[in-house]
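A short worksheet on the structure shown next.
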There are 2 protein chains.
Amino acid sequence: MLRIKLIGIGMGNPGHLTFEARDALQEADLIIIPDKGAQKQDLADMRRDILDVHVPHAPKVVDFPMPKRDAKTKAYLDGVSDWHDAIAQIWSQTIATHLGDHGTVALMVWGDPMLYDSTIRIAERLDNVRIEVLPGMTSIQLLCAAHGIPLNGLGNAVTITTGRTLRTYGWPPETETIVVLLDGETSFHTLEGALDIWWGAYLGMPNQILMQGDLSKIADRIVDTRAAAREEHGWIMDTYLIRKRDI
Amino acid sequence: MLRIKLIGIGMGNPGHLTFEARDALQEADLIIIPDKGAQKQDLADMRRDILDVHVPHAPKVVDFPMPKRDAKTKAYLDGVSDWHDAIAQIWSQTIATHLGDHGTVALMVWGDPMLYDSTIRIAERLDNVRIEVLPGMTSIQLLCAAHGIPLNGLGNAVTITTGRTLRTYGWPPETETIVVLLDGETSFHTLEGALDIWWGAYLGMPNQILMQGDLSKIADRIVDTRAAAREEHGWIMDTYLIRKRDI
C-alpha cells in the first residue's frame, strides 16, 4: 500500500512549519519536489532550505519535472483537468521509479493544500493510494499577522477570491472584506469606492514587502512596487486584503 | 517598553504548533492564560498541555479571570466593545502585577488571532505596547485536512461567515462554498437546496468527530451528534463547510 502525505509548508519561512509537518517529512520514505525550471529555481530551493533546517537527514528527495499547462487551446477548466492528469502521471512514474508500490511519499505543498492548490485533486487521480493532508500556513494568515490586523470585521463575513473571479464578478455583494489570491494582474485596479488595502509580498521571508492605505491613493504605487520586486527576484507571490472603510 | 505577542496555537493539538510559536513562548517573560471558569477548564488545560509538551521550562505562567460579556442590556456591538475594554483592563493589571512595564508577554490564542478572535482588538486598547501577531492553525484548515478536501472549488470564491450572519442574510450570492464558524445554533438548518456538508468537532484532537454528506439527509444527525458530544465533554468547538452540489 502506498501512502501520500500532502504537507503544507507555509510560504517559505522554516519557522512557519508545524511540528506535525516536520515529523511527517522526517518519517517519509520519499519526498518529491516539483522542478519548474530555472526561472522558479528559488521556489525549489526554498523547499530544500526548509528540509535543511528541519530534516537534515532527509530520506530520499527527488525532483520531478513539472509539465506546463496548455493555456491556449482549450476552455480553462478542460485545460486544467488535462494538466492535472499529466502531473498525476508524472507523480506515478517518479514514485514507481524511486520507491515502488509500498511506503510513504511526502509532497511539500506551498501554503496549505486546501487553499487554491491542486495537489489534493491530483492525488485523487492516483490508484491504490491513501491520501493524508497536513495543513500549513497560508499567505492569508501571514498577511494578517504581518500587518497585525484581523481578517474579519467584528462578526462579519469575509470572501476569499481570485484575481480572475474579482475581475469577472466585481465586489461580492454583502461582503465587507475580501482577500484576493492568485492575482498576477493587480485586479484591485478594477475596484472603486472608499476602500482600504493591506498588501504583502514574499510574506514571512526576509525580503517581505508590506504596503497599506487608501486603495485609491496607493494602488499605482503597489503596481510599481510589485513590478520592480518581480523584476528583481524573477518571481513574486503576493496577496492582499481589501476592506470597505467605515465612514 | 512592553511587547505583547499574540500567538496562534491551533485547536489544541500540540503537533499543530509552529516552530516560530514555540520559540516565542519559550522566550516570553510572562505567559497569561484566560480562566473562563470550571465549565471551560478543559480549554485552559489544553493550553497548559501545549506548554508541557513544547515549553516544559516555561517562564512565569499566570491565569487571569475572564470577565463575562453582558449579553442582555445593550446592542450587540456596544456590549462587545465594553467587554473588550474590561478584558484590556484585566490584562493591564495582570501584566503590571507579574511583570511590570518592561519585557515580553505572550498570549496563547486559540486558532489564529486573525480569525473571529478579539485579541488583536483588545491588545490595541493598551497603551505603550508593541503588538506582534504570530499565526496559528485555524479550524478551517483542520476541517479541510481531516476530510481531505480543498476549501475552494477550482478557481472559485469562498465565503467565511458566522452562524449569526448566515441566519440573518442567508446564502451569500455568487458563492459556491461557505465555511461557518461560531455557530452554536446549527444554522445550516436554515439552508435549502442541493448542498453537501463537511462537519467536524474537536478538530485535530483524539476525540475528533467528522461527518459529511447530503445536508438535507444528515442535518438532523449532525444536530444530535453535536448535542450528545457537548453533553459528554461540557463544551464543543465545531466548524463546517457547505458546498453547492454539481448537478
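Only one of (1) surrounded by 13 or more Cβ atoms within 10 Å (Cβ to Cβ); (2) closer than 30 Å to residue B:17 by Cβ fails for residue B:167. Which number is that?
(2)
Which residue pairs have Cβ atoms under 9 Å apart, sit 6 or more places apart or on different chains, and have a first residue in the stretch B:177-206 that is in contact (Cβ under 8 Å) with a residue 60 or more places away in the chain and a second that is among the charged types (D, E, K, R) and surrounded by fewer than 20 Cβ atoms within 10 Å (Cβ to Cβ)?
Between residues of the stretch B:177-206 that are in contact (Cβ under 8 Å) with a residue 60 or more places away in the chain and residues that are among the charged types (D, E, K, R) and surrounded by fewer than 20 Cβ atoms within 10 Å (Cβ to Cβ), the close pairs are B:177/B:244; B:182/B:164.
Restricting the search to the stretch A:1-15, which residues are within 9 Å of chain B (Cβ to nearest Cβ) and of a type outside the set (S, T, N, Q)?
Residues satisfying the conditions are A:6, A:8, A:10, A:14, A:15.
Does residue A:148 satisfy the criteria of being surrounded by 21 or more Cβ atoms within 10 Å (Cβ to Cβ) and modelled with pLDDT of 95 or more?
Values: surrounded by 21 or more Cβ atoms within 10 Å (Cβ to Cβ): no; modelled with pLDDT of 95 or more: yes.
Spelling it out, it is not the case that residue A:148 is surrounded by 21 or more Cβ atoms within 10 Å (Cβ to Cβ) and modelled with pLDDT of 95 or more.
If I go through the stretch A:1-60 residue by residue, how many of them are assigned to a loop (DSSP other than H, G, I, E, B), under 20 Å from residue B:23 (Cα atoms), in contact (Cβ under 8 Å) with a residue 12 or more places away in the chain and more than 15 Å from the chain's Cα centre (by Cα)? Working first, answer last.
If we filter the stretch A:1-60 for residues that are assigned to a loop (DSSP other than H, G, I, E, B), which is where we start, we get A:1, A:9, A:11-13, A:17, A:28-29, A:36-37, A:55-59.
Remaining after also requiring under 20 Å from residue B:23 (Cα atoms): A:9, A:11-13, A:17, A:55-56.
Remaining after also requiring in contact (Cβ under 8 Å) with a residue 12 or more places away in the chain: A:9, A:11-13, A:17, A:55.
Still in the list and also more than 15 Å from the chain's Cα centre (by Cα): A:55.
Result for the stretch A:1-60: 1.
Any idea which residue in the stretch A:80-114 is farthest from residue A:63 (Cα to Cα), counting only those that are assigned to a loop (DSSP other than H, G, I, E, B) and in contact with a Gly (Cβ under 9 Å, 6 or more places away or on another chain)? Steps first, answer last, please.
Within the stretch A:80-114, the first condition is being assigned to a loop (DSSP other than H, G, I, E, B), and the residues that meet it are A:99-102, A:110, A:112-114.
Checking the rest, the ones that are also in contact with a Gly (Cβ under 9 Å, 6 or more places away or on another chain) come to A:110, A:112-114.
Working: A:110: 15, A:112: 20, A:113: 19, A:114: 23 Å.
Ranking the qualifying residues of the stretch A:80-114, first place goes to A:114.
Can you tell me how many residues in the stretch B:189-210 are surrounded by 17 or more Cβ atoms within 10 Å (Cβ to Cβ), of a type outside the set (Gly, Ala, Ser) and in contact with a strand residue (DSSP E or B) (Cβ under 6 Å, 6 or more places away or on another chain)?
6
Could you check how many residues of the stretch B:115-129 are touching a residue at least 60 places away in the same chain (Cβ under 8 Å) and either within 8 Å of chain A (Cβ to nearest Cβ) or surrounded by 19 or more Cβ atoms within 10 Å (Cβ to Cβ) (or both)? Lay out the reasoning, then the answer.
Let us first name the residues in the stretch B:115-129 that are touching a residue at least 60 places away in the same chain (Cβ under 8 Å), namely B:115-116, B:119-120, B:123, B:126, B:128-129.
After this cut, where a residue has to be either within 8 Å of chain A (Cβ to nearest Cβ) or surrounded by 19 or more Cβ atoms within 10 Å (Cβ to Cβ) (or both) as well, the list is B:115-116, B:119-120, B:123.
Here the count works out to 5.
Scan the stretch A:16-41 residue by residue and report those that are within 14 Å of chain B (Cβ to nearest Cβ) and surrounded by fewer than 18 Cβ atoms within 10 Å (Cβ to Cβ).
Matches in the stretch A:16-41: A:23, A:26, A:27.
Take the stretch B:49-62 and flag every residue that is in contact with a strand residue (DSSP E or B) (Cβ under 9 Å, 6 or more places away or on another chain) and either among the hydroxyl-bearing types (Ser, Thr, Tyr) or surrounded by 14 or more Cβ atoms within 10 Å (Cβ to Cβ) (or both).
B:50, B:51, B:55, B:58, B:59, B:61, B:62 - these are the residues of the stretch B:49-62 that are in contact with a strand residue (DSSP E or B) (Cβ under 9 Å, 6 or more places away or on another chain) and either among the hydroxyl-bearing types (Ser, Thr, Tyr) or surrounded by 14 or more Cβ atoms within 10 Å (Cβ to Cβ) (or both).
Can you name the residue in the stretch A:205-242 that is outside any strand (DSSP E or B) and in contact with a Gly (Cβ under 7 Å, 6 or more places away or on another chain) and, of all such residues, is modelled with the lowest pLDDT?
A:205
Regarding the stretch A:99-106, can at least one residue be identified that is within 13 Å of another protein chain (Cβ to nearest Cβ) and either of a type outside the set (A, V, I, L, M, F, W, C) or touching an Asp or Glu at 6+ places or on another chain (Cβ under 6 Å) (or both)?
Of the stretch A:99-106, the ones within 13 Å of another protein chain (Cβ to nearest Cβ) are none.
No, the conditions are met nowhere in the stretch A:99-106.
The values are calculated or read from the model by the stated rules, or taken from the named source; none is laboratory data. Quantities reported herein were computed from a predicted structural model and do not represent experimental measurements. All Cβ positions, glycine included, derive from the backbone under ideal geometry; neighbour counts span all protein chains shown.
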